[in-house]
Each structure stands twice: as structure tokens, then as C-alpha cells.
1. Quote to one decimal, in nm, the extra length available between residue 5 and residue 117 on full extension: 0.36 nm per residue of separation minus the C-alpha distance between them.
2. Taking a ≥ b ≥ c as the square roots of the Cα gyration tensor eigenvalues, with a/c under 1.5 meaning rounded and otherwise prolate when a/b beats b/c, else oblate, which class fits the stretch 3-122?
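Only the coordinates and a few stated rules stand behind these numbers; no lab work does. Note that the structure is a prediction, hence the values are computed from the model and not measured.
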């Protein structure tokens, strides 16, 4: 594997790790939330946010620009919006199916966002001292 490919793969794996940290935090925080009548929609939004925030924070540490972080956040939140649309339309109502669908779709949308900015993720190693510009 050449250097650029390894950097790309490493970035992907780092962001997956940040997502997993967010899921652990979600598990801890969900114990604090009272049962709501429509818990499924809350769970879908919570999961998307808890997985996105640490990923975007890690991207900041790695020196990614705001625009790139915003694109990645959108890639992470779109599957949640899709799952909420399915729930709202009554197409899929099982919470476990919706959560699994949201999780499953997040990984390829994240990969697509990365492939659209391949040079950003594979071109060079980022570091925290990079300027935070668009």
C-alpha cells in the first residue's frame, strides 16, 4: 500500500474510531434520558449527533478545514434524515431496523465524502497547527 493510500485508509479508520467513541458516550447518556413516547426518532438523532461530534472534533485536531468538516458532518447526518423520513412516512417503523439502517448507511456516505476530497484525506498528514480556514 503506497503512502497516500495508507493515509486515506488511516483517516477513515480514525474517524470510525471517533464514531465508536461517540457511540459509547451515547450509551452512557441514553441512561439519563427519560422514556419518551416516540423514542425511535430521538434515538436516531442522538446517535447521529453523538457519532458526528467526536468525528468532527478529531478532524479539527487533524487540521481539516471547516468546509471539509462540514461536508463530513452532512455525510453523517444525511442517513439520520433518511431514517427519520422512512419513520415519518411509516415505510419502516421498527426502531432496530432504522438504527441498523442509519449505521449501515453512515459508513459509505462517509467514504463518499472522503473520496470527493481524496487529496484532503490522502495528500498529506494534517496536524493541529494547520490554519482553520474554508
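1. Details: separation 112, 0.36 × 112 = 40.32 nm, distance 1.32 nm.
39.0 nm is the gain from fully extending residue 5 to residue 117.
2. prolate
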